[in-house]
Amino acid sequence: MKIDLYTLPDRITEHKHARVITNLIPAKTPIHMHEYFEIELVLKGKCKQLFNGKIYDVGRGSLYFLSPVDFHNHFDFEDEMHVINISFDNYFYNSDVVQNLMNKTNDIVLHLNEAEIEKAEKILELLKESCESDNNYTERNIKNMLEYFLDFILVQLENKSNISFNSELNRIQKGIKYLFGHFRENPTAEEIAKISGYSTDYFCKQFKSITGKTYVEFLNTLKLNHAKILLLTSNIPILEISEICGFNSVSNFNRVFKEKTSLSPSEFAKHNKK
């Protein structure tokens, strides 16, 4: 049975750019990626996880940071997994801390001791409280608490041993990382393939294998996700949003948006904007 990470939440606390979920993962999940950043801390249970083609044992105290470049799944459970899951969108992407974590592709799974677990839980509780508040400082507090937790992860990474990764995956990821930071400029598959050091045909084949999407599908997903953020958090005209997100015309923007959401951009904003 296909189980999504978010189908069985015990508690969800969310803000428009971030959310904290206490979650039960009872069974195998499909290999997947997200168009947002994700951090997961295991509180209880044991299983194996596939991260970017390598298998790791995870259990209480396992902590991992996943960017939109990374893919994973859960399988071979000894016990049901209880986790705290934090996800946040690319509104926070410009953070130097996020960029540093994205560059540390050789470090996926951290194993915290009990004192470190306790500290992580305290930070996450404060992050949850920030997401629950509603005042003029909410967004700034969320970003500050999130970056504090990311700093905590960086410190742990510096104190623990590194893990080697398949060099081919790293080369593909290098191109995808560039795409994630430059999707508004509409780089071609040929340009990203060159950054990865591969021919266009080989890169596109590997790209589809890793992400589950064609190059154009993934590029449009990044542009649409950014457009959704602007539609929900600003009063920028739709024509300007289409230009900011890299669409070559507002008609193309409207067409792609409706194909993926079944709503026009204006309908999406009307139904979802708080």
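Read-outs: derived from the displayed coordinates by stated rules, not from any lab. Owing to the predicted nature of the structure, the values given are computational and were not obtained by experimental measurement. Every residue, glycine as well, gets a Cβ built from its backbone with ideal geometry; the counts of neighbours run over all protein chains shown.
Put simply, the amide H of Ser62, placed in the peptide plane, has neighbours under 5 Å in Val42, Leu112, leaving out anything fewer than 5 places away on its chain. With both labels modelled 7 Å from their Cα along Cα-to-Cβ, the Lys46 to Ser251 distance reads 6.1 nm.
Estimated at 0.36 nm per residue, the fully extended path between Ile55 and Lys28 surpasses their Cα-Cα distance by 8.3 nm. Using 0.36 nm per residue and subtracting the Cα-Cα separation, the extra length available between Leu232 and Asp79 on full extension is 51.1 nm. Based on the Cβ-Cβ distance from Arg184 to Val216, what FRET efficiency comes out when R0 is 22 Å, to the nearest 0.05? My answer for the efficiency is 0.90. Summing Lys and Arg as +1 and Asp and Glu as -1 over all other residues whose Cβ lies under 9 Å from the Cβ of Gly197 gives a net charge of +3.
Which pairs in the list Lys205/Lys270; Lys205/Lys260; Lys119/Lys228; Lys28/Lys270; Lys48/Lys122 are over 31 Å apart, alpha-carbon to alpha-carbon? Those over the limit are Lys205/Lys270; Lys119/Lys228; Lys28/Lys270.
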